[in-house]
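As structure tokens, the structure follows; a few thoughts come after it.
The values are calculated or read from the model by the stated rules, or taken from the named source; none is laboratory data. Note that the structure is predicted; figures quoted are calculated from it, not measured. Reconstructed Cβ throughout: ideal geometry from the backbone, glycine too, with neighbour counts over all protein chains shown. Side chains are part of the model used for accessible areas, which takes the heavy atoms of the whole protein and leaves out ligands, DNA and RNA. Shrake-Rupley method; radii C 1.70, N 1.55, O 1.52, S 1.80 Å.
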Amino acid sequence: MRRTLGALTASTLILAPFLWLIVSSIAGQTDLLERPLHWWPEHVTLSRYREIFTGHEGVAAQFRSAMLNSLIVGAGTVVISVSVGTLGGYALARLTFPLRRTTLLSFLVTYMLPPIVLIIPLYLLMARFGLLDTKLGLIIVYCSLATPFALWTMSTFFGSLPVELEEAARVDGCTRLGALVRVILPLARPGVVATTLFVFLLCWDEFLYALIFTSTSDAKTIPVAIAEFTGRNAVDFGLIAAGGVLAALPPVLLAVVLQRHLIAGLTTGSLK
Amino acid sequence: MLLLPAALVVFGVVLWPAGRALVISFLDVDSPFPGAYPFVGLRNYTDILGNPRFWAAAQHTLYFTVASTTLEVVLGLGLAHLLAAPMRFRWLFRAIVILPWALPTIVNGAMWRWILNAEYGALNALLTQLHLMGDYRSWLGSDPFLALNMVVVADVWKNTSLVAFFLLAGLSAIPAELGEAARIDGAGSFRVFWRITLPLLRPTLAAVLVLRVIEAFKVFDIVYVMTGGGPASGTQTITFLTYLQAFSAQRFSSGAALAYLTVVAVLMLALIYLRLLRQQEMRAS
């Protein structure tokens, strides 16, 4: 009984702000600015969502292009960092070479390094190569965040697989690469899935780099678009709320559907 | 061979810039264009240490870090117990708890900024309609300390669920028989928690605490979107100040020096943590 009560309280505290965001995104503008506030709006409208999906100019269209940019940048970073991290993670887990432990630890340290340290020289470098405000530039810097992480999680994951399987494959005549592709990779799929998800969410959520490295709708990602619009004075909060709900949708759906993968990845990746 | 691509990426976008930032922090770089900039030694560092804005930002960062991680760990512990408990609709409860973690940080900040809005915010409406408060107030715009606390609230709302899931993993590793045996011997639930669960959970607790402290220490985005550093610079954190120095004032060297001071602080935290861990292990053996 006490537990049910606790769970109900926790759920209410968690859901209330979230529901208010959703209600705000469909409430008419007059409802939002009313005092005293009604908790359920008199006018319900989906116009903001329609505007974001079909609008040609203004903030709504910016939200759409920002979301598209976020998708492209996230996908690009996932492809590079997960493939690089899988190969490297395997090497770190299986091969013995000098300074193996040091290499592994240095990857962990780079992951903990405050991004603001890397931003200044990267900014100067990007400015020189004309990569500021491009999606490619953003993909490159996101790899600096994602690759150490992918390496670390994948090497932990490979470490948890039995060595005997590969040895058997190699006795049967597989090369090391053959054993990796035919035997280990299929087994490592849950690890790859979890890492892919985390890297994607990392990119989707990242703000500081995106704020500094992008300036127009060519490369601006969704967090930057939302933050920028929120900071203005005369604000149509309903539109921000709609943008926020849409921005929250991919990670929330992924998290709820793939709950088990995420929790397992979360704990093995960073705690061991 | 397999490691080469990884080494290239990490070297290119992590180690090289990290080294370069250190060099920049000893120069006086004041524009994004390449050129010969004068070497100034430690002057950027001494300037920062003599600047009251730095100490104010350090204080805000420290307060934010201590307040948010403490609340997150305490509330997260309770939440983890609830998540572990057998109950009906547990899958639903777990799905609800994972929501704040999945919500992008910027959306979270924008959401709370709207809830805390001085004229139209839901919190003002709720508190006045329940007659807990006479009139609307400005949560983020007048009192710097109140604003800082509100940023803590928003951060706690989002990150407690992450802490809870970490601790849940730790809890499920503790054999249930231990608690049952203690109960048979007559221990109450509080004693079981205090004497058995907590000591066994200590490694997980320590790990999650350090992770959260390091994250909280670097806090930037939620401050940016909720308060923009205000009111009266009262919510400026060290990363926020670094951002202003480097990218608003174009004083890249000063920014790099500030960033390195953050690195030193984070490394010290990591060392303290390792020391604590070793002492615990020695005491245990």
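Given axes a ≥ b ≥ c from the Cα gyration tensor, I'd like to know whether the protein assembly as shown is rounded (a/c under 1.5), prolate (a/b larger than b/c) or oblate.
Rounded, because the longest to shortest axis ratio a/c is under 1.5.
Rounded to the nearest 500 deg cm²/dmol, what is the calculated helix-only ellipticity per residue at 222 nm for the protein assembly as shown, with -39500 (n - 2.57) per DSSP H run of length n ≥ 4? Kindly include the intermediate steps, with their values, before the conclusion.
On the way: 28 runs with 403 residues, N = 557.
For the protein assembly as shown, the value works out to -23500 deg cm²/dmol.
Would you mind calculating the gained length between A:Thr134 and A:Leu15 on full extension (0.36 nm times residue separation, minus the Cα-Cα distance), in nm to one decimal?
39.2 nm
Under 16 Å from a point 7 Å along the Cα-to-Cβ line of B:Glu119: which residues of the range A:21-39 have their amide N that close?
A:29-37
Which listed residue (B:Ala246, B:Leu171, B:Gly228) has the Cα farthest towards the positive end of the charge dipole for the range B:162-266, taking +1 on Lys and Arg C-beta and -1 on Asp and Glu C-beta about the Cα centre?
Of the listed residues, the answer is B:Ala246.
Once the Cβ-Cβ distance between A:Leu249 and B:Arg43 is put in as r, and R0 is 45 Å, what FRET efficiency do you end up with, to the nearest 0.05?
It comes out at approximately 0.35.
Got a number for the accessible area of A:Ile72? Probe 1.4 Å, square angstrom, nearest 10.
Accessible area of A:Ile72: about 80 Å².
Take every Cα-Cα pair in chain A and report what % of them are more than 24 Å apart.
60
Within 10 Å of each Cβ of B:244-257, how many other protein chain Cβ atoms are there on average?
Per-residue shielding by partner chains comes out at 2.
Run the 1.4 Å probe and let me know the accessible area of A:Thr156, rounded to the nearest 10 Å².
40
How big is the dipole moment of the range A:138-218 about its Cα centre under a simple scheme where the beta carbon of each Lys and Arg is +1, that of each Asp and Glu is -1, and everything else is neutral? Debye, nearest 20, please.
Dipole of the range A:138-218, to the nearest 20 debye: 160 debye.
To the nearest 20 debye, what charge dipole does the protein assembly as shown have about its Cα centre, counting +1 at the Cβ of each Lys and Arg and -1 at the Cβ of each Asp and Glu?
1300
Determine, from the Cβ-Cβ distance of B:Thr70 and B:Val23 and an R0 of 51 Å, the FRET efficiency 1/(1 + (r/R0)^6), rounded to the nearest 0.05.
Efficiency at R0 = 51 Å is approximately 0.85.
Could you tell me the distance between the Cα centroids of the range B:159-188 and the range A:1-33, to the nearest Å?
Value for the Cα centre distance between the two parts: 29 Å.
Taking the Cα centre of the range B:151-195 as origin, sum charge times position over the Cβ atoms of Lys and Arg (+1) and Asp and Glu (-1), and report the length of that vector in debye to the nearest 20.
Dipole size: approximately 100 debye.
With a point put 7 Å past each Cα toward its Cβ, work out how far B:Gln59 is from B:Leu8 in nm, to one decimal.
5.1
Output the residues of the range B:97-112 meeting this criterion: accessible area (heavy atoms, 1.4 Å probe) in the chain alone minus accessible area with all protein chains in place is 20 Å² or greater.
B:Ile98, B:Leu99, B:Trp101, B:Ala102, B:Leu103, B:Pro104, B:Thr105, B:Ile106, B:Val107, B:Ala110, B:Met111
Which whole-number percent is the relative contact order of the range B:1-149 (Cα, under 8 Å, 6+ apart)?
11 percent.
Residue by residue through B:177-190, how many Cβ atoms from other chains fall within 10 Å of the Cβ on average? Could the numbers behind the result be given before it?
On the way: counts 0, 0, 0, 0, 0, 0, 0, 0, 0, 0, 0, 0, 0, 0.
Mean shielding count: 0.
Given contacts defined as C-alpha pairs under 8 Å and at least six residues apart, what's the relative contact order of chain A, whole-number percent? Let's see the in-between values first.
Values: 278 pairs, mean separation 81.7, N = 272.
For chain A, the relative contact order is 30 percent.
Please compute the contact order of chain B in relative form: average sequence separation of alpha-carbon pairs under 8 Å and at least six residues apart, divided by the residue count, as a percent.
That works out to 29 percent.
Need one number: nm distance between label points at A:Val193 and B:Met87, each 7 Å from Cα along Cα→Cβ, rounded to one decimal.
Taking the two extended label points, one gets 2.8 nm.
At 1.4 Å probe size, put A:Cys174, A:Cys203 in order of accessible surface, largest to smallest.
So, going from the largest accessible area down, we get A:Cys174, A:Cys203.
Within 10 Å of each Cβ of B:25-36, how many other protein chain Cβ atoms are there on average?
Values: counts 2, 0, 0, 0, 3, 0, 2, 8, 3, 4, 0, 0.
Rounded to a whole number, the mean comes out at 2.
Can you give me the long-range amide H partners of A:Ala27? Hydrogens built in the peptide plane at 1.01 Å from N, cutoff under 5 Å, separation of 5 or more residues or another chain.
Here the answer is A:Thr45, since their amide H atoms fall under 5 Å of that of A:Ala27.
Under a 1.4 angstrom probe, counting protein chains only, how are A:Asp236, A:Asp31 ranked by accessible area, largest first? Intermediate values should be presented prior to the final figure.
Working: A:Asp236 50, A:Asp31 10 Å².
Ranked list, largest accessible area first: A:Asp236, A:Asp31.
Quick check: with the 1.4 Å probe, what order do B:His60, B:His131 take by accessible area, largest first?
Of B:His60, B:His131, the descending order of accessible area is B:His131, B:His60.
So how far apart, in nm, are the two label points at B:Met268 and A:Ser65 if each is 7 Å from Cα heading toward Cβ?
With each label placed 7 Å out from Cα toward Cβ, I get 4.6 nm.
Over the Cα atoms, compute the radius of gyration (one decimal) and Dmax (the largest Cα-Cα distance, rounded to a whole number) for the range B:174-280, in Å.
Values for the range B:174-280 (Cα only, Rg and Dmax): 21.3, 67 Å.
Express the accessible area of the range B:71-216 per residue in Å², computed with a 1.4 Å probe while the remaining protein chains stay in the model.
Computed with neighbouring chains in place, this is 46 Å² per residue.
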